[in-house]
Amino acid sequence: MKEEDEVESLLIKYIADEATEQEKVYIRRWIQAHPENEQYFVQLYEAWHRASIPSADDIDTNSAFANFAAVNFPVATPSNRNVLRASIAIAGIAIFSLIVWLSFPFKPALDNTIKLYASRGMKRMYKLQDGTIIWLNAGSRLDVSPDFNLKDRTVYLSGEAFFEIGHGKKDLPFLVKTQKFSIRDIGTKFNVKAYPEDNLFEASVMQGEVSVENGELKAMGNNRIYLKEHQVLRISANDLKTPSSLQKAQSNDFEKIQVLQITPAQQINYSGWKDNVLAFDSNSLQEIATMLERQFNITINIADEKLKDIKYSGTFKNALTINGVLDIIKENTDINYTKSGNTITITGGKTSMK
């Protein structure tokens, strides 16, 4: 068996929960080896869970697979016919395995949530079944229900993502749920920043309209805040990470709640990351360090507490190295930095570099 055929066979076994522990380890390593492997696995995983099978007695395996192939392999070009034939054979085995699995009266409960990742130092783009295109920023995760676009269009975000909403089913609203807030799409393009380790929530609308909802959001006089095109909602708190933090809002314990009006040119400050643009708009050095840590998968230590409050504005297009970014910041602020392995230490400008 060719290596690519063996990998596809193992992928099907892995998704159907029929792989041995050794095979699972192999597949996990294969997925992590290259971004294209990860993307292919996600597409195959989604295709598997799109299959709607009412019961084992009602299954017509021929028509079931014909629908499966039509959706996932619509065109057999000369360059992919061999892959198509292998995929058809493997998918036939997979459907047979699923029929056998369904025939048993007792089945363990499986978490079929589709988990999409962008690890630190990476960005990812995904397309959901309703046509929605999502860009995940570094250090982010998006959970998608296997019933997405069938029973609901709800996704769960930890981190930062840009959403370009597809048409989907109009009777199913598109919801983005974060640890503290829900964002309901009423338009088409928006960015959500909600890293669980940060004390900041941010939603920005590039096109259309959204509502940001939370049952305990009393500080604005309503449980729902509407944002229109070119508006940004920023919510920071003393400790937005804890479950009780939003309850504190009733006592005005939020540090700041802002709805900002921005210009089209300023949109790059909120969504430029998906186009490999780093944009800082009077961000503190501490905020910049956090963004750079995710972008370049490094650790940044700021030696002096006073340096953390230094403000900096600037735009970096296609920034390839952390040194290139810090060198420019150093030219315009009173800082120095040293690098040791994967760790950077930022000191005051009067400190000599080693």
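Details
- Test: residue in the range 278-295 that is outside the structural domain of Asn191 (by TED's automatic domain parsing), assigned to a loop (DSSP other than H, G, I, E, B), under 16 Å from Gly121 (Cα atoms) and under 25 Å from the mean Cα position of the chain (by Cα): no
- Checking each residue in the range 137-158 for being farther than 14 Å from Asp185 by Cβ, among the hydroxyl-bearing types (Ser, Thr, Tyr) and part of a strand (DSSP E or B) picks out Ser140, Tyr156, Ser158.
- From the list Ser204, Ser182, Ser211, the one residue that fits, being touching a residue at least 24 places away in the same chain (Cβ under 8 Å) and either more than 20 Å from Gln261 (Cβ to Cβ) or β-branched (Val, Ile, Thr) (or both), is Ser182.
Condition check ((1) among the small types (Gly, Ala, Ser); (2) over 21 Å from Tyr40 (Cβ atoms); (3) assigned by TED's automatic domain parsing to the domain that holds Glu209; (4) at pLDDT below 90) across all residues:
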position	(1), (2), (3), (4)
Gly121	yes, no, yes, yes
Met125	no, no, yes, no
Trp135	no, no, yes, no
Gly139	yes, yes, yes, no
Leu142	no, no, yes, no
Tyr156	no, yes, yes, no
Gly159	yes, yes, yes, no
Glu164	no, yes, yes, no
His167	no, yes, yes, yes
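- Among the residues of the range 311-328, the one identified as among the β-branched types (Val, Ile, Thr) and either more than 28 Å from Ala265 (Cβ to Cβ) or more than 28 Å from the chain's Cα centre (by Cα) (or both) is Ile328.
- Scanning the range 20-36 for residues that are closer than 25 Å to Ala118 by Cβ and modelled with pLDDT of 75 or more turns up Lys24, Val25, Tyr26, Ile27, Arg28, Arg29, Trp30, Ile31.
- Of residues in the range 119-136 being under 13 Å from Gly159 (Cα atoms) and either among the charged types (D, E, K, R) or part of a strand (DSSP E or B) (or both), the one farthest from the chain's Cα centre (by Cα): Arg120
- Hey, Ile225 within 27 Å of Asn276 (Cβ to Cβ), modelled with pLDDT of 85 or more and buried (at least 16 other Cβ atoms within 10 Å of the Cβ) or not: no
- If the condition is being of a type in the set (S, T, N, Q) and at pLDDT 90 or above, then the range 302-320 contributes Ser313, Thr315.
- Checklist (1) at pLDDT below 90; (2) over 16 Å from the mean Cα position of the chain (by Cα) applied to Arg184, failing item: (1)
- Residue within the range 185-195 that is outside any strand (DSSP E or B) and within 20 Å of Asn283 (Cβ to Cβ) present: yes
- Once the range 128-172 is narrowed to residues that are touching a helix residue (DSSP H, G or I) at 6+ places or on another chain (Cβ under 7 Å) and surrounded by 20 or more Cβ atoms within 10 Å (Cβ to Cβ), the residue that is nearest to Tyr270 (Cα to Cα) is Phe162.
The values are calculated or read from the model by the stated rules, or taken from the named source; none is laboratory data. Note that this is a predicted model, so its numbers are computed, not measured. Quick reminder, even Gly has a Cβ in these numbers, built from the backbone with ideal geometry, and neighbours come from all protein chains shown.
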